[in-house]
Amino acid sequence: MELVLPDKTILDLTRLEEAFEDDTDGIAELLDMALETGAKHRRVLREGIAENDADVVRKAAHGIKGSAGNMGATRVMELAAELEARARAGDLTGASASVDAIDAAYDAVAGEVRAYRAAL
């Protein structure tokens, strides 16, 4: 079964569908786990920003980038990569706005995950 979602810039399941083939439940489980992991990393991001700790922000953004990339959350991955690069350079200017953008992108991904589950 191939499920095509309306906006692949939010959630592109192509790689997961190739890896999991017809195991849509497996895809759904992986998506749920990735959303949970992302929520944890986002909490750490906010803590790092509050403490003005660029290394904590960099590590959390890197975790989000990887998790988002694995699940096909392209926009989340791009935003996290941008924040990671800035934090690596020690620049946390606008980091809170970046996390807000990551949160909004994650909300859109969560909506796509709900739509995917509803279509199962």
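The values are calculated or read from the model by the stated rules, or taken from the named source; none is laboratory data. Bear in mind that the values here come from a model prediction, so they are computed numbers and not experimental data. Heads up, the Cβs are rebuilt from the backbone with ideal geometry, glycines too, and the neighbour counts pull from every protein chain shown.
Can you tell me which residues in the range 19-44 are over 22 Å from residue 111 (Cα atoms) and not β-branched (Val, Ile, Thr)?
In the first step, residues of the range 19-44 are kept if they are over 22 Å from residue 111 (Cα atoms); the result is 19, 21, 44.
Within the range 19-44, 19, 21 qualify.
Going through the range 36-73 one residue at a time, which ones are more than 13 Å from residue 96 (Cα to Cα), among the charged types (D, E, K, R) and either in contact with a Pro (Cβ under 7 Å, 6 or more places away or on another chain) or without any contact (Cβ under 8 Å) to a residue 24 or more places away in the chain (or both)?
36, 40, 59, 65
Return the total of residues in the range 44-74 being in contact with a Phe, Trp or Tyr (Cβ under 9 Å, 6 or more places away or on another chain) and of a type in the set (D, E, K, R).
So the answer is 0.
What single numbered condition from (1) loosely packed, with under 14 Cβ neighbours inside 10 Å; (2) modelled with pLDDT under 95 fails to hold for residue 72?
Failed condition: (1).
Return the residue satisfying two criteria in turn: it lies in the range 19-66 and is of a type outside the set (S, T, N, Q) and not in a helix (DSSP H, G or I), and of such residues it is surrounded by the most Cβ atoms within 10 Å (Cβ to Cβ).
Step one: list which residues in the range 19-66 are of a type outside the set (S, T, N, Q), which gives 19-23, 25-36, 38-51, 53-66.
Filter once more, so that each one left must be not in a helix (DSSP H, G or I): 21-23, 51, 53.
Details: 21: 12, 22: 10, 23: 14, 51: 10, 53: 16.
Applying the filter and picking the extreme gives 53.
Give the range 78-100 a look and list any residue that's surrounded by 14 or more Cβ atoms within 10 Å (Cβ to Cβ) and either closer than 14 Å to residue 43 by Cα or among the basic types (Lys, Arg) (or both), or say none.
80, 86, 88, 95, 98, 99
Pull out all pairs, ordered by first then second residue, where Cβ-Cβ is under 6 Å, the residues are six or more apart or on different chains, the first lies in the range 74-96 and is among the hydrophobic types (A, V, I, L, M, F, W, C), and the second is surrounded by fewer than 20 Cβ atoms within 10 Å (Cβ to Cβ).
Partner pairs satisfying both residue conditions: 77/69; 79/101; 87/54; 92/54.
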